[in-house]
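The values are calculated or read from the model by the stated rules, or taken from the named source; none is laboratory data. Source: prediction; values computed, not measured. As a convention, Cβ positions derive from the backbone with ideal geometry for all residues, glycine included, and neighbour counts pool all protein chains shown. Please note that ligands, DNA and RNA were not included when accessible areas were found on the heavy atoms of the full protein model with its side chains. Shrake-Rupley method; radii C 1.70, N 1.55, O 1.52, S 1.80 Å.
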Amino acid sequence: MAMTLRLTDEESARLAELAAAEGRSKQEIVRAALAERWARQRKDQQLGEVVQRVLPHYRGLLDELGPA
């Protein structure tokens, strides 16, 4: 699927600078940024799910320990 990405002059310059520094196309830089952002969001979501599942088990202990 094609799309148009509208960037400010400053954003476009930064993208071009990154692409040149890494020897990759601007398209590759944007795709990599998207993949990294998605992976980080997924990891945060998974961590939240684990905390929600595990926290009730340790709630009593945490209450005894008090605030950090």
Problem set entry | Rounded to 10°, Cα long-axis angle of helix 26-65 versus longest principal axis of the chain | 10 degrees
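With a 1.4 Å probe and all protein chains left in place, how much of the accessible area of the chain comes from carbon and sulfur atoms, in whole percent? Write down the numbers at each step before the final one.
Details: 3620 of 6530 Å².
Its accessible area is 55 percent carbon and sulfur atoms.
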Problem set entry | Dipole magnitude of the chain about its Cα centre (Cβ charges: Lys, Arg +1; Asp, Glu -1), debye to nearest 20 | 280 debye
Seminar exercise, completed: Lys and Arg at +1, Asp and Glu at -1: neighbours of LEU7 with Cβ under 14 Å from its Cβ sum to -1
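Counting only heavy atoms of protein chains, what accessible area per residue, in Å², does the chain have with a probe of 1.4 Å?
On the way: 6530 Å² over 68 residues.
Computed with neighbouring chains in place, this is 96 Å² per residue.
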For this session: Provide the net charge surrounding ASP44, with neighbours chosen by a C-beta distance below 14 Å and charges set as Lys +1, Arg +1, Asp -1, Glu -1.
Result: +2
Exercise. If you work out semi-axes √(5λ) of the Cα gyration tensor in Å from the coordinates, which of (i) 25, 19, 8; (ii) 35, 11, 6; (iii) 43, 14, 11 do you get?
Worked result: (iii)
For this session: Measure nothing but the geometry: give the 0 to 90° angle between the long axis through the Cα atoms of 9-22 and the longest principal axis through the Cα atoms of the chain, rounded to 10°.
Result: 90 degrees
